[in-house]
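Participant: My structure is below; once you've seen it, I'll send some questions.
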Amino acid sequence: MSNPSLRPRQFDLIAFDWDGTLFDSTAIITRCIQRAVVDVGGQEPSREAASYVIGLGLMQALAHAAPDVPVEKYPELGLRYRDHYMAHQNDIILFEGVLPMLAELKARHHWLSVATGKSRKGLNEALHDVDLKGMFDASRTADETAGKPSPLMLQELMRELGVEPERTLMIGDTTHDLQMALNAGCASVGVSYGAHEPSAFHALQPRYVAHSVSDLRSWLNDNA
């Protein structure tokens, strides 16, 4: 990207959260968390409590969603979540319009990356399943670096691709994503169609809150 004519207007690197931002998985993940907690004897968390933890590392998320489950049961809780998720992972699809949006960004010479609370194994399977191999220039998962909202995930992506924070944009559906961007000194955009209520976003200073993929695509076309 040394050729100035190939440099995007505002952001060289655009980092996307996965679940609830590109992948329409929020409802299934929420149900899987609820069922896993009940499986190990905990009280079923509310939909709001279960969806709030989406984007965190798995153990951190389950511990938050199931405060009445003793710590010695966390490994079993994690296994039960994975069992439920594996049984339903093929139900999950990309939000409509995601593939054309990503292709458009690539054509404008943005670097694209994923910063997700998923595991490396889970992300690789998802990228393979939806035929996205080669679309992303880099990715980080919660099990190979610090979980959100630590800035480490974004910092590692920026170092790998040689991009400054002021040239990096994080896009996500949770306060964890936007807080991570703020902690890393990067700009952010929230999406309102995922796990968290957008009313909580404004304190975290996103440049924009998109209400659909087409809305996000339009904003990126005009501003990125």
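The values are calculated or read from the model by the stated rules, or taken from the named source; none is laboratory data. This is a predicted model, so every value here is computed, not measured. Using ideal geometry, Cβ is built from the backbone for each residue, glycine included, and neighbour counts are taken over all protein chains shown.
Participant: For segment 164-213, name all the residues that are modelled with pLDDT under 95 and either within 17 Å of W111 (Cα to Cα) or among the acidic types (D, E) (or both).
Facilitator: The answer is D173, E197.
Participant: Among the listed residues G162, G194, identify the single one that is buried (at least 24 other Cβ atoms within 10 Å of the Cβ), of a type outside the set (D, E) and either in contact with a Lys or Arg (Cβ under 7 Å, 6 or more places away or on another chain) or more than 17 Å from L58 (Cα to Cα) (or both).
Facilitator: G194
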